[in-house]
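Novice: Have a look at the structure that comes next, please.
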Ligand SMILES: [Mg+2]
């Protein structure tokens, strides 16, 4: 693999000891980390085995799933009610006991999403394979099924329209453009916020596992945290360790759960 990070699997014994001493809060990305990346984003599913592992881990470590997906979407896919879920890159967070937190500033931008979505649909309608996904606080434009030769055209047209909407910004993920509120909020800040909710006073150590460029905000921003990158996204990484793929994520979870 292209990144040169040490393997979390090969260093599992050392990491396990570190986790035993400083019991971490566990933050897990969804697509590409718990569930395989699929051609159509709506088909993504977590395996029973992975669900079971996450469930067991959550009894040892307070656990949150952090995703670019909408909060409801991701929580319905994982289906573990005792976890915290940070959706739309953390603009909306839910947890056990009807815990709910939405970013107030992001709320104000919602009408602009309603306005811009039909404009973008119209502008991109002649490009085959473009797939819109409206989440509460973000609008995703998937281009996994767009012909390679037209991908730059998709980016170009989206950027052109966004020029007129300073309240929104364009972020890039794997084969997806994420349009989100132009406010200072990302997965890393969501994790810091959750740490205050989940952690006890002397417990601030956290582990974040993710595969995408958007997870870098969590790797870079979170204090007293350890980052594990799944696979490789081709950009600079702030992670500390790596796992090659979802199978290795599972292996790592199993090692963590071993007595
Ligand atoms: Mg991901």
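Computed from the coordinates by the stated procedures, all read-outs in this text should not be read as laboratory data. All values derive from a computational prediction rather than experimental measurement. All Cβ positions, glycine included, derive from the backbone under ideal geometry; neighbour counts span all protein chains shown.
Novice: Stick to the Cα atoms of segment 140-243, pair each with every other, and give me the Kirkwood hydrodynamic radius in Å at one decimal. Provide the component values of the computation, followed by the final result.
Specialist: Working: mean 1/r = 0.0647 Å⁻¹.
This gives a value of 15.5 Å.
Novice: May I pose another question? Starting from 0.36 nm per residue, how many nanometres of slack lie between residue 43 and residue 223 once their C-alpha separation is accounted for?
Specialist: Values: separation 180, 0.36 × 180 = 64.80 nm, distance 3.41 nm.
Answer, rounded to one decimal: 61.4 nm.
Novice: Right, next: Taking Rh as the Kirkwood radius computed over C-alpha pairs, what is the Stokes-Einstein D of the chain at 4 °C in a medium of viscosity 1.567 mPa s, expressed in µm² per second?
Specialist: So the translational diffusion coefficient is about 69 µm²/s.
Novice: Output the 0 to 90 degree angle, nearest 10, between the alpha-carbon long axis of helix 246-257 and the longest principal axis computed from the alpha carbons of the chain.
Specialist: 30
Novice: Report, as a whole number in µm² per second, the diffusion coefficient that Stokes-Einstein gives for segment 104-181 at 25 °C and 0.890 mPa s using the Kirkwood radius over alpha carbon pairs.
Specialist: Numbers: Rh = 12.6 Å.
D = 195 µm²/s.
Novice: For every helix of n ≥ 4 consecutive DSSP H residues, a contribution of -39,500 (n - 2.57) applies; sum these over the chain, divide by its total residues, and give [θ] at 222 nm rounded to the nearest 500 deg cm²/dmol.
Specialist: Result for the chain: -11000 deg cm²/dmol, rounded to the nearest 500.
Novice: Next up: Relative to the longest principal axis of the C-alpha atoms of the chain, give the angle of the C-alpha long axis of helix 48-60, reported between 0 and 90° and rounded to the nearest 10°.
Specialist: Once rounded, the angle reads 60 degrees.
Novice: What list do you get for 221, 143 if you sort them by fewest beta carbons within 10 Å?
Specialist: Numbers: 221 17, 143 21.
In increasing order of surrounding Cβ atoms, one gets 221, 143.
Novice: Quote to one decimal, in nm, the extra length available between residue 202 and residue 20 on full extension: 0.36 nm per residue of separation minus the C-alpha distance between them. Working shown, then result.
Specialist: Details: separation 182, 0.36 × 182 = 65.52 nm, distance 1.45 nm.
Using 0.36 nm per residue and subtracting the Cα-Cα distance, I get 64.1 nm.
Novice: Can you give the Rg/Rh ratio of segment 113-156, where Rg is from the C-alpha atoms and Rh is the Kirkwood radius?
Specialist: Working: Rg = 10.4 Å, Rh = 10.9 Å.
Reported Rg/Rh, Kirkwood definition of Rh: 0.96.
Novice: Next up: Quick check: pseudo-label points 7 Å beyond the Cα along Cα→Cβ at residue 122 and residue 147, how many nm apart are they?
Specialist: 2.5
Novice: Separate question: Suppose each label sits 7 Å from its Cα in the direction of the beta carbon; what would the residue 3-residue 59 distance come out to in nanometres?
Specialist: Taking the two extended label points, one gets 3.1 nm.
Novice: Between residue 99 and residue 11, what length comes free when the chain is fully extended (0.36 nm per residue of separation minus the Cα-Cα distance, one decimal in nm)? Intermediate results must be reported in sequence, preceding the final value.
Specialist: Numbers: separation 88, 0.36 × 88 = 31.68 nm, distance 3.56 nm.
Full extension from residue 99 to residue 11 adds 28.1 nm.
Novice: According to a simple spin-label model (label point 7 Å from Cα along Cα-to-Cβ), what is the distance in nm between residue 72 and residue 163?
Specialist: Label-label distance for residue 163 and residue 72, simple model: 3.6 nm.
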